[in-house]
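Only the coordinates and a few stated rules stand behind these numbers; no lab work does. All figures in this text were calculated on a predicted structure; none of them were measured in a lab. Cβ coordinates were reconstructed from backbone atoms using ideal geometry, including for glycine residues, and neighbour counts include every protein chain displayed.
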Amino acid sequence: MPASQGDAPSSAGEHPLDQALDTALDAERDALRELFPLPPARAPRRSRATGLRNGGVAAIVLAIAAAMLWGLDPAWRTEHHATAVGERRDVSLADGSTLTLDTATALDVTWHLRSRRVALRQGQARFAVAPSGWRSFEVAAADARIRVVGTVFDVRRDQGQVQVTVLQGRVEVSRPGGAGAPWLLAPGQRLRIGAGEGAAPQPEAVDPAQAGAWQQGRLVFDRTPLRDALAEVQRYRRAPIRLRDDGALGRHAVTGVFEADRTDQLLDLLPRIAPAQVRRHADGSVDVAPAGR
C-alpha cells in the first residue's frame, strides 16, 4: 500500500523507534565521555622474566668490572717529592701519613685503589704511616720491597744497597718476584740488602735513638771507620771529600755527635780525633790525608 502524504520517510530497514534512540544517544555522548572517561593507553609491558634477566646481566657486568679494578689495583694519582743536598723536609700525605726526606732524596708517591706505593729513587726517608684496614703501604727501593699497614720506619738507598730500619710496629721486607722468604722486622731491627752482600742478609739490632738521629739533623758516630764517617758527611756536602789513604787512616774509628748542617765542624775537628790532616781548596773540595804526609 502506498504511503500516505502525512507519513515521514524512514531509513530502509530501521524502525522509527530505533532512530529516535540513536538521536538521543548522540546528544548525550559528550556528557557520557566526561562521566565515564576511557583509561589512558599503556605502553607494551615487558615480561617479568625479561626484566629480571636484564637486571641480572647488568649486576654481573658491574661485579666483574669491580673485581677487575680491585685485582688490577689501578693508580689514579702520582706525587713527586725531592730535597736538595743538605736539605731535610717533612711531607704530609692526604691519608695522614708523614714522610721525612733526608738530604738529596727523591721519591714518588702513587695512590692506587687499594694500596699506597712509594718508589724511593735515592737518599733516605722516614715513613710514619697512617693505619688503614684495606689500603696497604708499600715502599720499593732497588731490590727491596717493604710492606706495612701502620708503623714508623726508615728506608735508605745508597747505590745498590738498601737499608731498612724499624722504629715502631713491624714491616715485611721481600725481594721482587717473591725470590726467597720475606723478612719480618720488629722495632730496633735493621736489614741491609744488596751492594755485594755475601751470605743471606740477616736482621741486626740497632739503637733506635741513634738510628733516628738524622731526623734531628745529627750525625752520630760510634766507633765508625773514618771512611764511613766521611761518606756520611759527604751526603750533606756538594763539594767532594777525598780520602787520600783508605788503609790505616780509613779504618781509624771515629766517635762523636755532629751537626749535619755544619759539616765543616767535623772536618775542622778531624785532626784532633784522628791522625789526619785536612787540606781545603778554593772550589770547596777537601782532601783528607795521613798526618805528616
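A straight chain from residue 289 to residue 75 at 0.36 nm per residue would run longer than the Cα-Cα distance by 71.9 nm.
For the pair residue 95 and residue 205 in one chain, pulling the backbone fully straight at 0.36 nm per residue adds 36.5 nm over the alpha carbon distance. 3J(HN,Hα) couplings calculated from phi for the range 109-114 with the Karplus curve 6.51 cos²θ - 1.76 cosθ + 1.60 (θ = phi - 60°) are, in sequence order, 10, 10, 9, 10, 4, 10 Hz; Gly and Pro show x. Report the local net charge at residue 171: Lys and Arg +1, Asp and Glu -1, summed over other residues whose C-beta lies under 13 Å from its C-beta. Overall, the nearby charge balance is +2. The fewest-to-most ranking of 191, 269, 120 by surrounding Cβ atoms within 10 Å reads 269, 191, 120.
If a/c stays under 1.5 just call it rounded; otherwise compare a/b with b/c (prolate if a/b is bigger, oblate if not). Do that for the range 217-290, with a ≥ b ≥ c from the square roots of the Cα gyration tensor eigenvalues.
Oblate, because a/c is 1.5 or more while a/b does not exceed b/c.
Other residues lying with their Cβ under 12 Å from the Cβ of residue 96 contribute a combined charge of +1, Lys and Arg counting +1, Asp and Glu -1.
Please give me the summed charge of the neighbours of residue 221: other residues whose Cβ is under 13 Å from its Cβ, Lys and Arg +1, Asp and Glu -1.
Local charge sum for residue 221: -2.
By its C-alpha gyration tensor, with a ≥ b ≥ c as the square roots of the eigenvalues, how is the range 99-197 shaped: rounded for a/c under 1.5, else prolate for a/b larger than b/c, else oblate? Rounded, because the longest to shortest axis ratio a/c is under 1.5.
Between amide H atoms placed 1.01 Å from N, distances below 5 Å from residue 277 occur with 289, 291, all of them 5 or more places distant or on a separate chain. The charge dipole of the range 168-293, taken about its Cα centre with unit charges on the Cβ atoms of Lys, Arg (+1), Asp and Glu (-1) only, comes to about 220 debye. Classify the range 155-285 as rounded, prolate or oblate from the Cα gyration tensor: take a ≥ b ≥ c as the square roots of its eigenvalues, call it rounded if a/c is under 1.5, otherwise prolate when a/b beats b/c and oblate if not. Prolate is the answer for the range 155-285, as a/c is 1.5 or above and a/b outweighs b/c.
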